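What follows is a set of notes on a single structure, which appears directly below.
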Amino acid sequence: MASRDDFTDAEWQVLATAPEAVGLAVLAADPVGAVEERTAMFEAWRRSAEQPFADNQLVLTLIRNRDAWGEEMRLRTSREEALSSLPPDETRAWAMDQCRQAMALLEAKGAPEDCESYGRWIVYLAENVAEAVWSGRSRVDPAERAVIDEVAAVLKLQR
């Protein structure tokens, strides 16, 4: 299993950015309830340290480090604001690129279990964002489902 020490700071940043990039792509796919969906992303991030990701040290380290980022969080907020002005397809393309980069790093430096757990964690976060607002319709909007399905494919997950 991979650990933080196996990655440079720049590589670790890629691993930390991909989950939020996917959350932003889901938000952009169906912007109804963006505040609730953003809140759901943060809550899911915290809950994911419990089950079912408590057994993967790499994912746990990413989860725990998020709360200690401080200045990085301020920069992330600025990036989110900039990305929110992009068309949804550009946000989606950026998110998929982040996922591809993250998986390439994990495939090169991690174990297959790291790739699987990391990918499932990102999909878990994305589904929580998508399910945050459903107001009587399907729990996940078709546009959000399309983003989640593409993420799963990019992350090479069997679904």
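The values are calculated or read from the model by the stated rules, or taken from the named source; none is laboratory data. Owing to the predicted nature of the structure, the values given are computational and were not obtained by experimental measurement. All Cβ positions, even for glycine, are placed from backbone atoms using ideal geometry, and neighbour counts span all protein chains on display.
Looking at the stretch 53-76, can you tell me whether even one residue there is modelled with pLDDT of 90 or more and within 14 Å of the chain's Cα centre (by Cα)? It would help to see each step written out before you state the result.
First pass over the stretch 53-76, keeping only residues modelled with pLDDT of 90 or more: none.
Within the stretch 53-76 (the criterion being modelled with pLDDT of 90 or more and within 14 Å of the chain's Cα centre (by Cα)), the answer is no, since none of the residues qualifies.
Between residues in the stretch 12-38 that are at positive phi and residues that are in a loop (DSSP other than H, G, I, E, B) and at pLDDT below 85, which pairs lie under 7 Å by C-beta distance while being six or more apart or on different chains? Going by the 7 Å Cβ cut-off, the qualifying pairs are GLY33/ALA132; GLY33/VAL133. Pairing residues of the stretch 105-132 that are within 16 Å of ALA153 (Cα to Cα) with residues that are charged (D, E, K, R) and part of a helix (DSSP H, G or I), at Cβ distances under 7 Å and at least 6 apart in sequence or on separate chains, gives LEU106/ASP114; CYS115/GLU107. Meeting the requirement of 3 or more residues that are under 15 Å from VAL59 (Cα atoms), the helices (runs of 4 or more DSSP H) wholly within the stretch 85-159 are 88-109, 112-131.
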